[in-house]
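**Student:** Before anything else, here's the structure in question.
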Amino acid sequence: MAKAVLIIEDEPDANAILAQVVAQQGFDVFQTYSGRDGLAQARKQPPDLLLLDLMLPDVDGFEICETLRASRETNLIPIVMATALADTEHRVHGYRVGANCYVAKPYTREQILQAIDKALAWKQEIIHNHVEGEISFDVASEMQFLIEVNDILSSLFLLTPLDERSAARLRRALLEMGQNAIEWGNRSQVDKPVKITYRLQSDRVVLTIRDQGAGFTPDRIPHAARDEDPLGHIPVREVMGLREGGFGILITRGLVDEMKYNEAGNEVTIVQKFAARAMAAD
Amino acid sequence: MIDVPWEMLDVALMVYLRSAYPDGQVPDVVRKRVTLDRSRPLAELLGDLPFERYESAAPFPCTVFALRLGAAHYPHIKMEIRPFPNQHGFVFWVNTHDQFFTPDARCRDGERWREVVSRNRELKQAVERAWAEGKLPTFVTAMQESMAQASQQVRSEPRSSPVT
């Protein structure tokens, strides 16, 4: 049986050419021309792979990708973004919402086929090489980190009873803490990887994020929000010339079941329980 | 440096302007931009005004050459000459130049902006189709070329199938 590829692309010529490229490789092709139709089709009959344009007239491609990744039924669809948005900012956003590959127009036939092969291989790897117990890996860049977060969430959907709401919260928590580790802990130095460890237990997942910075005392950061005074840090940030924000730790604390820093302050452990969250959601 | 024949550029410009300004009212500033110094080699001309240049990563790291020709309804659209690994070494491309802004649902002018974007896409498609009909290299014709080559290869050496 041939694998099914769903195309969501509103430009008829680009849609047709993608369809021809994948049909030539022996895939079954399903073409849709709007975000809403494409999303409905993907939910109704999850394809083996999705080729996704981003600038769609109704629902944009980023939102479609994020929606599919957030659902247990559609989380493992390999997604290739094929788009005219070629800049790094959009590329990072694509990986942030869960793309497996990102190909900028005008792409070549070979680039599309390579992206398809890579995205299909990702799914096979998640299914066949999943790790139960503990796994550690280093990430050196924001892009790599975003890809790893997606992989972690996909593995959790596959291996655990984690519900969709908890998965969304855990994703946000991971993104916040990972960003902190890369940006503040390691000062965005790519030669200093961030170490991520995740351990699956019968009722929970335990994630540890460790940077190579000097560490800090999380309750004593003047430019970060605190429980007792969530907005008190804003004037401090203005004086320091920092962008709006500083809520990462506070938000993360509210998203997960447990969160704690090590003594040095360069390693954070977050815990999400499966059963407790599932019951709370009920 | 990419080698664009003058004849191709002439046809590309004529087709573009006819589609972008259907009433023939091409603004003076655009007329000036398409009045190119034909005594100079085109390859040299691409490096000078009125051509704009920018670096792109697609389909590989390269320099893109653009002429801001606009359209009757939106002045920022560009006609681009983009390096591409096809028979000619480049494709003509319409850059709608409207990807920097996505209005949210509450934006008062959101609907009007979406109409502009929609018209830009229609124009892009009309121009690129007309170029292809005029035998000019476009993204679609380059992809078709690539698929035809792959078909020939498959006939002599079958590729592994994704069928499971």
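**Student:** Collect the residues in the range A:75-99 that are among the β-branched types (Val, Ile, Thr) and surrounded by 18 or more Cβ atoms within 10 Å (Cβ to Cβ), keeping them in residue-number order. Steps first, answer last, please.
**Tutor:** Within the range A:75-99, the subset among the β-branched types (Val, Ile, Thr) is A:77, A:79-80, A:83, A:88, A:92, A:97.
Selection gives A:Ile77, A:Ile79, A:Val80, A:Thr83, A:Val97.
**Student:** In addition: Quick check: anything in the range A:65-83 more than 22 Å from A:Glu125 (Cα to Cα) and not in a helix (DSSP H, G or I)?
**Tutor:** yes
**Student:** Name the residues in the range B:127-144 that are touching a residue at least 24 places away in the same chain (Cβ under 8 Å) and buried (at least 17 other Cβ atoms within 10 Å of the Cβ), would you? Break it down stepwise before answering.
**Tutor:** Taking the range B:127-144 and keeping what is touching a residue at least 24 places away in the same chain (Cβ under 8 Å), we get B:127-128, B:130-131, B:134, B:136-139, B:141-142.
Listed by number, the residues that qualify are B:Val127, B:Glu128, B:Ala130, B:Trp131, B:Leu136, B:Pro137, B:Thr138, B:Phe139, B:Thr141, B:Ala142.
**Student:** Turning to a different aspect of this structure: Taking the range B:65-82, which residues are touching a strand residue (DSSP E or B) at 6+ places or on another chain (Cβ under 6 Å) and either within 10 Å of chain A (Cβ to nearest Cβ) or of a type in the set (Phe, Trp, Tyr) (or both)? Outline the logic, then answer.
**Tutor:** Step one: of the range B:65-82, the residues touching a strand residue (DSSP E or B) at 6+ places or on another chain (Cβ under 6 Å) are B:65-69, B:77-82.
Matches in the range B:65-82: B:Phe65, B:Glu80, B:Arg82.
**Student:** Would you point out which residue out of A:Arg36, A:Arg91 is without any contact (Cβ under 8 Å) to a residue 24 or more places away in the chain and within 24 Å of the chain's Cα centre (by Cα)? It would help to see each step written out before you state the result.
**Tutor:** On the way: A:Arg91 fails: without any contact (Cβ under 8 Å) to a residue 24 or more places away in the chain.
None of the others qualify; the one that does is A:Arg36.
**Student:** From the residues in the range A:8-26 that are facing chain B (nearest Cβ under 7 Å) and farther than 22 Å from A:Ile64 by Cα, which one is most open to solvent (accessible area, probe 1.4 Å)?
**Tutor:** A:Gln20
**Student:** Check A:Pro47 against each of (1) at negative phi; (2) surrounded by fewer than 20 Cβ atoms within 10 Å (Cβ to Cβ) and name the one condition it does not meet.
**Tutor:** (2)
**Student:** Return the pairs, sorted by first residue and then second, in which the second residue is open to solvent by 50 Å² or more (accessible area, probe 1.4 Å) and acidic (Asp, Glu), the first residue lies in the range B:97-110 and is more than 11 Å from chain A (Cβ to nearest Cβ), the beta carbons are less than 9 Å apart, and the residues are 6+ apart or on different chains.
**Tutor:** B:Pro103/B:Asp109; B:Pro103/B:Glu111; B:Gly110/B:Asp104
**Student:** Condition test on B:Arg106, is it charged (D, E, K, R) and closer than 30 Å to B:Gln25 by Cβ? Outline the logic, then answer.
**Tutor:** Working: charged (D, E, K, R): yes; closer than 30 Å to B:Gln25 by Cβ: no.
No: the conditions fail for B:Arg106.
**Student:** Sticking with this one: Among the numbered conditions (1) under 24 Å from B:Cys62 (Cβ atoms); (2) among the aromatic types (Phe, Trp, Tyr); (3) open to solvent by 40 Å² or more (accessible area, probe 1.4 Å), tell me where B:Trp113 comes up short.
**Tutor:** Among (1) under 24 Å from B:Cys62 (Cβ atoms); (2) among the aromatic types (Phe, Trp, Tyr); (3) open to solvent by 40 Å² or more (accessible area, probe 1.4 Å), B:Trp113 violates only (1).
**Student:** Given the residues A:Arg171, A:Arg165, which is the only one that is modelled with pLDDT of 70 or more, part of a helix (DSSP H, G or I) and surrounded by 18 or more Cβ atoms within 10 Å (Cβ to Cβ)? Steps first, answer last, please.
**Tutor:** Values: A:Arg165 fails: surrounded by 18 or more Cβ atoms within 10 Å (Cβ to Cβ).
Unique residue meeting the criteria: A:Arg171.
**Student:** Let me ask something additional. Scan the range A:187-203 and report the pairs whose first residue is free of Cβ contacts under 8 Å to residues at least 60 places away in the same chain and whose second residue is open to solvent by less than 70 Å² (accessible area, probe 1.4 Å) and in a loop (DSSP other than H, G, I, E, B), with Cβ atoms within less than 6 Å and a gap of 6+ or a chain change.
**Tutor:** A:Val190/A:Ala140; A:Val190/A:Ser141; A:Lys192/A:Asn186; A:Pro193/A:Ala140; A:Val194/A:Asp211
**Student:** Can I ask one more? Quick one: is A:Ala70 closer than 20 Å to A:Glu148 by Cβ, open to solvent by 30 Å² or more (accessible area, probe 1.4 Å) and either more than 12 Å from chain B (Cβ to nearest Cβ) or in contact (Cβ under 8 Å) with a residue 12 or more places away in the chain (or both)?
**Tutor:** On the way: closer than 20 Å to A:Glu148 by Cβ: yes; open to solvent by 30 Å² or more (accessible area, probe 1.4 Å): yes; either more than 12 Å from chain B (Cβ to nearest Cβ) or in contact (Cβ under 8 Å) with a residue 12 or more places away in the chain (or both): yes.
It is true that A:Ala70 is closer than 20 Å to A:Glu148 by Cβ, open to solvent by 30 Å² or more (accessible area, probe 1.4 Å) and either more than 12 Å from chain B (Cβ to nearest Cβ) or in contact (Cβ under 8 Å) with a residue 12 or more places away in the chain (or both).
**Student:** Right, something else. With the range B:18-93 as the region, which strands (runs of 3 or more DSSP E) entirely inside it contain at least 3 residues that are surrounded by 15 or more Cβ atoms within 10 Å (Cβ to Cβ)? Steps first, answer last, please.
**Tutor:** Values: elements: B:52-56, B:62-68, B:78-83.
So the answer is B:62-68, B:78-83.
The values are calculated or read from the model by the stated rules, or taken from the named source; none is laboratory data. Because the structure is a prediction, the values reported are computed rather than measured. Cβ: placed from backbone, ideal geometry, glycine included. Neighbour counts: every protein chain shown. Accessible surface areas use protein heavy atoms only, side chains included; no ligands, DNA or RNA. Shrake-Rupley method; radii C 1.70, N 1.55, O 1.52, S 1.80 Å.
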